[in-house]
Amino acid sequence: MLKKRLSIVDIANKLNISKTTVSFILNGRAKEKRISEELVARVLKFVDEVGYKPNSLAKSLRTGKSNIIGLMVENISDYFFANIARHIEDRAYKNGYKIIYCSTDNDAAKTSELIAMFRDRHVDGYIIAPPPGIESEVAALLKDELPVVLFDRYFPGIDSSYVVTDNLYGTYNATQYLVDQGYKNIAFVTFESDQTQMQARMDGYKKALKENGLTPQIKEVVFNQDSKRIIEPITDFMKNKDFDAVLFGTNWVGNCGLKVLANLGLRIPDDIAVISFDDNDLFELYSPSVTAIAQPLEEIADKVITMLLNQMNNRNENVKPEQVTLKTELKIRGSSSVSTPMVLVSK
């Protein structure tokens with residue numbers, strides 16, 4: 001049988017004192033309320049003996065603080081999100097906060113349920129990489145003056161704080177680099193999405209090709225965690241096409257795309273040059289290593305948690321929303337016909 005959790009009322013009854021006195025002692029207000037040192041010692045000794053732990057939810061209702069931050073990302077196992085989450089957690093912990101992680105799977109209904117759960121837990125702040133379709137939930141959080149920071153993408157119609165990278169110039173620079181290397185039939189393979197970061201990447205690719213009089217060759221695939229459902233449409237797109245270069249819109253698409261190229265027997269970079277958005281450690285292990293558009297993960301995390309802490313620490317000062325756009329780096333490796341690694345910073 002489960003043992004009943006001890007409450008402040010139980011402690012008060014056992015020691016024959018008021019629950020208010022017990023509460024003051026446990027919340028460090030004994031001196032302020034002029035409670036004797038002898039009584040404080042007796043209460044603390046009893047609490048230690050019985051192993052009493054305060055109900056964190058009840059405490060948050062009394063104090064208005066849970067010291068918990070809710071972090072919602074597309075997929076916590078993804079290299080990009082996992083690294084950002086790790087840096088955010090480190091900064092949050094040093095400032096007295098714990099993090100609850102959740103993967104949204106880019107699903108609006110699931111994200112809405114997660115936000116409702118965080119509200120019930122009275123979390124102090126929200127960090128969200130929002131999927132499409134939760135505009136009303138984010139707007140409601142802001143209307144209730146709750147600390148919120150979006151990252152990786154944002155909603156143009158909502159005046160919120162957010163941190164993003166310059167996605168447009170990331171793909172523009174990468175595509176222009178391929179053009180400068182002599183490639184002319186450059187494909188762009190990405191997820192089908194109306195999200196701001198994905199649209200900006202598409203726009204950067206198109207802009208570079210238009211300026212050079214080249215024709216876009218685009219394949220959008222439906223987002224899915226199952227790699228087979230990504231590989232099949234990419235294979236259909238890539239086979240029997242005379243592409244001399246391909247730019248992948250995310251590292252997940254890039255990983256699947258590299259498998260496709262291997263299955264088709266295409267040699268990199270002899271038959272086709274490759275660049276992927278979002279660098280990760282695996283790209284350096286490929287032979288040849290993969291050229292990638294790198295986002296500044298530590299800087300993104302630092303900006304996000306700094307913004308949120310500022311909002312949480314100044315709840316009564318009407319902190320204005322901040323919007324930050326950070327630069328990307330094009331890390332040039334062997335997959336794009338360059339033997340010596342280079343780094344090109346976007347504008």
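The values are calculated or read from the model by the stated rules, or taken from the named source; none is laboratory data. Computed from a prediction, not measured in an experiment: that's the story for all the values here. Backbone-built Cβ (ideal geometry, glycine too); neighbour counts: all protein chains shown. Just so you know, the surface numbers come from the protein's heavy atoms only, side chains and all, with ligands and any DNA or RNA stripped out. Shrake-Rupley method; radii C 1.70, N 1.55, O 1.52, S 1.80 Å.
Considering only residues that are in contact with a Pro (Cβ under 7 Å, 6 or more places away or on another chain) and of a type in the set (Lys, Arg), which ones fall in the range 149-208? Selection gives Arg153, Lys206.
Just checking, does the range 308-320 include any residue being under 24 Å from Val189 (Cβ atoms), among the charged types (D, E, K, R) and either in a loop (DSSP other than H, G, I, E, B) or modelled with pLDDT under 95 (or both)? So far as the range 308-320 goes, no, none of its residues is under 24 Å from Val189 (Cβ atoms), among the charged types (D, E, K, R) and either in a loop (DSSP other than H, G, I, E, B) or modelled with pLDDT under 95 (or both). Contact annotation: residue pairs with Cβ atoms under 8 Å, 6 or more positions apart or on different chains, pairing a residue in the range 87-113 that is within 20 Å of Ala140 (Cα to Cα) with a partner that is open to solvent by 60 Å² or more (accessible area, probe 1.4 Å) and not in a loop (DSSP other than H, G, I, E, B), are Thr104/Lys110.
With the structure loaded, tell me whether Glu284 is open to solvent by 70 Å² or more (accessible area, probe 1.4 Å), at pLDDT 95 or above and not in a loop (DSSP other than H, G, I, E, B) or whether it fails that test. Considered against the rule, which asks whether it is open to solvent by 70 Å² or more (accessible area, probe 1.4 Å), at pLDDT 95 or above and not in a loop (DSSP other than H, G, I, E, B), Glu284 comes out as no.
Here Ala262 fits the description: in a helix (DSSP H, G or I), of a type in the set (Gly, Ala, Ser), farther than 30 Å from Lys98 by Cα and open to solvent by 40 Å² or more (accessible area, probe 1.4 Å). Only residues that are of a type in the set (A, V, I, L, M, F, W, C), open to solvent by 10 Å² or more (accessible area, probe 1.4 Å) and in a loop (DSSP other than H, G, I, E, B) were counted in the range 133-160, giving 3.
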